[in-house]
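Novice: One structure is given below, represented as structure tokens, and several questions about it will come after.
The values are calculated or read from the model by the stated rules, or taken from the named source; none is laboratory data. No experiment lies behind these values; they were computed from the predicted model shown. Glycine gets a Cβ as well: all are built from the backbone with ideal geometry, and neighbour counts include every protein chain shown.
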Amino acid sequence: MSLAGVSCLVTGAGGFLGQRIVCLLLEEEEAPAEIRLLDKAFSKEALGKFGKFQGKTEVKILEGDIRDATLLHRACQGVSLVIHTASIIDTLGLIEKQLLWEVNVTGTQLLLEACVRCSVQHFIYTSTIEVTGPNCRGDPIYDGDESTAYESSSQFPYAQSKRAAEGCVLRADGRALEDGGTLLTCALRSMYIFGEGCPFLRGHLDKCLLNRNVFLRFSREEALVNPVYVGNIAWAHLQAAKALRVPRKAQHVRGQFYYISDDTPHMSYADLNYELTRDLGFGIEPQLPMPLTALYYYSLLLEMVSFVLRPFVRYVPSTNRHLVTLLNTPFTFSYRKAQHDFGYVPRYTWEEAKQCTGQWIASIVPQRREYLKSKAA
């Protein structure tokens with residue numbers, strides 16, 4: 001099944017993942033008839049990427065807020081597929097909880113209502129592994145799947161907001177549409193996403209350059225996770241969208257969530273940074289800056305300082321207990337169910353992902369050095 005003739009709305013289309021999804025849609029041999037790109041703002045770089053494709057697909061740029069119900073209604077009119085990637089990602093507690101909830105949860109609810117009113121048939125939500133965990137105890141999972149039992153106890157606002165939004169999407173499956181049709185939904189729980197343009201990787205690179213080309217070790221070597229390349233998680237969205245259009249496949253996919261990983265070797269987050277850059281001459285610190293237990297209680301102390309100062313000044317610690325647990329808990333998942341239900345197979349190998357990401361890093365190192373010099377001056 002192809003996406004030929006489909007009118008598709010991609011939210012968060014100016015973001016790291018959203019851009020890659022749009023590019024893959026435009027590269028399709030039988031491309032959609034129309035793609036509407038919704039985001040709060042688009043960089044010149046993003047618009048340049050989209051402008052390279054001169055095919056039969058009509059591209060419409062919509063700038064606005066995901067909380068704007070009128071904008072969402074206009075964006076959804078005449079659309080048959082929504083890929084909803086827009087969200088605020090926050091692992092440090094930089095964003096106020098109310099804003100996180102308004103964008104990640106209320107925005108999703110408003111978009112679902114717009115889909116019902118405008119009779120949008122298919123809805124794919126970009127969820128996250130943090131919906132599952134790790135929990136506050138740091139209980140590990142090795143090669144888990146959608147049936148793996150796990151007590152998700154994280155009270156971190158970002159994880160809570162994504163869990164609530166995913167729930168809204170999955171409960172919306174089967175809702176009656178204005179034209180008498182039925183809304184079909186699914187959610188893709190992505191692992192940590194790396195690749196060209198990754199904002200987190202760019203931040204780690206800056207710290208590495210300030211540390212004489214040596215990456216800081218913020219996760220212990222045995223804390224194995226399985227990150228996913230941006231091209232592969234984007235590809236999974238397209239495969240899920242095609243499956244929802246085939247009744248025989250849709251009956252298995254609708255109302256379901258899926259873990260999306262690829263064949264990236266299992267390693268810690270810190271070691272991923274090193275693997276992507278060691279051919280460029282970068283190194284990594286051999287161990288954590290302090291024992292893991294000490295790091296945890298150091299983070300607790302910083303949180304207490306932040307709480308005490310809250311009435312006077314907003315102080316956001318550089319680390320917190322949630323982040324220490326997240327980065328140091330073995331947490332790996334298989335993509336077997338996605339492969340079985342809608343034929344997902346990674347489009348890019350680990351070697352291809354590593355090469356493309358490494359080339360991007362090499363291309364931005366000079367400008368990052370200049371940026372850091374100007375910041376220090």
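Novice: Tally the residues that are under 22 Å from Ala241 (Cα atoms), modelled with pLDDT of 95 or more and assigned to a loop (DSSP other than H, G, I, E, B), restricting the search to region 168-198.
Specialist: 7
Novice: Being surrounded by 13 or more Cβ atoms within 10 Å (Cβ to Cβ), in a strand (DSSP E or B), without any contact (Cβ under 8 Å) to a residue 40 or more places away in the chain and not β-branched (Val, Ile, Thr): is that true of Leu47 here?
Specialist: So Leu47 fails the test.
Novice: Right, here's the next one. Can you tell which of Leu205, Leu209, Leu201 is part of a helix (DSSP H, G or I), out of contact with any Lys or Arg (no Cβ under 8 Å at 6 or more places or on another chain), in contact (Cβ under 8 Å) with a residue 24 or more places away in the chain and not polar (S, T, N, Q)?
Specialist: Result: Leu201 is the single residue among Leu205, Leu209, Leu201 that is part of a helix (DSSP H, G or I), out of contact with any Lys or Arg (no Cβ under 8 Å at 6 or more places or on another chain), in contact (Cβ under 8 Å) with a residue 24 or more places away in the chain and not polar (S, T, N, Q).
Novice: Which one is surrounded by the most Cβ atoms within 10 Å (Cβ to Cβ), of the residues in region 240-262 that are assigned to a loop (DSSP other than H, G, I, E, B) and either out of contact with any strand residue (DSSP E or B) (no Cβ under 9 Å at 6 or more places or on another chain) or hydroxyl-bearing (Ser, Thr, Tyr) (or both)?
Specialist: Among those that are assigned to a loop (DSSP other than H, G, I, E, B) and either out of contact with any strand residue (DSSP E or B) (no Cβ under 9 Å at 6 or more places or on another chain) or hydroxyl-bearing (Ser, Thr, Tyr) (or both), it is Ser261.
Novice: Could you list, ordered by first residue, the pairs with Cβ atoms under 7 Å in which the first is in region 338-367 and farther than 30 Å from Arg248 by Cα and in contact (Cβ under 8 Å) with a residue 24 or more places away in the chain and the second is buried (at least 20 other Cβ atoms within 10 Å of the Cβ) and of a type in the set (Phe, Trp, Tyr), at least 6 apart or interchain?
Specialist: Between residues of region 338-367 that are farther than 30 Å from Arg248 by Cα and in contact (Cβ under 8 Å) with a residue 24 or more places away in the chain and residues that are buried (at least 20 other Cβ atoms within 10 Å of the Cβ) and of a type in the set (Phe, Trp, Tyr), the close pairs are Ala353/Tyr229; Thr357/Phe194.
Novice: Cβ-Cβ under 6 Å, sequence separation 6+ or interchain: first residue in region 96-124 and at pLDDT 95 or above, partner of a type in the set (Phe, Trp, Tyr). Which pairs?
Specialist: So the pair list comes out as Cys115/Phe123.
Novice: Related question: Suppose we filter Lys97, Lys60 for residues that are touching a Lys or Arg at 6+ places or on another chain (Cβ under 6 Å) and either surrounded by fewer than 17 Cβ atoms within 10 Å (Cβ to Cβ) or of a type in the set (Ser, Thr, Tyr) (or both); which single one remains? Reasoning before the result, please.
Specialist: Working: Lys97 fails: touching a Lys or Arg at 6+ places or on another chain (Cβ under 6 Å).
Every option except Lys60 fails the conditions.
Residue-by-condition table, conditions (1) among the aromatic types (Phe, Trp, Tyr); (2) buried (at least 18 other Cβ atoms within 10 Å of the Cβ); (3) at pLDDT 90 or above:
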site	(1), (2), (3)
Thr293	no, no, yes
Ser299	no, yes, yes
Met304	no, no, yes
Arg310	no, no, no
Asp341	no, yes, yes
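Novice: Being in a helix (DSSP H, G or I), of a type in the set (A, V, I, L, M) and surrounded by fewer than 17 Cβ atoms within 10 Å (Cβ to Cβ), is that true of even one residue in region 352-362?
Specialist: Checked region 352-362: at least one residue is in a helix (DSSP H, G or I), of a type in the set (A, V, I, L, M) and surrounded by fewer than 17 Cβ atoms within 10 Å (Cβ to Cβ).
Novice: Looking only at region 202-233, which residues are crowded, with 20+ Cβ neighbours inside 10 Å, in contact with a Gly (Cβ under 8 Å, 6 or more places away or on another chain) and within 19 Å of Arg278 (Cβ to Cβ)?
Specialist: Phe215, Tyr229
Novice: Could you tell me whether Ser318 is under 26 Å from the mean Cα position of the chain (by Cα), under 30 Å from Arg212 (Cβ atoms) and free of Cβ contacts under 8 Å to residues at least 40 places away in the same chain?
Specialist: For Ser318, the condition - under 26 Å from the mean Cα position of the chain (by Cα), under 30 Å from Arg212 (Cβ atoms) and free of Cβ contacts under 8 Å to residues at least 40 places away in the same chain - is not met.
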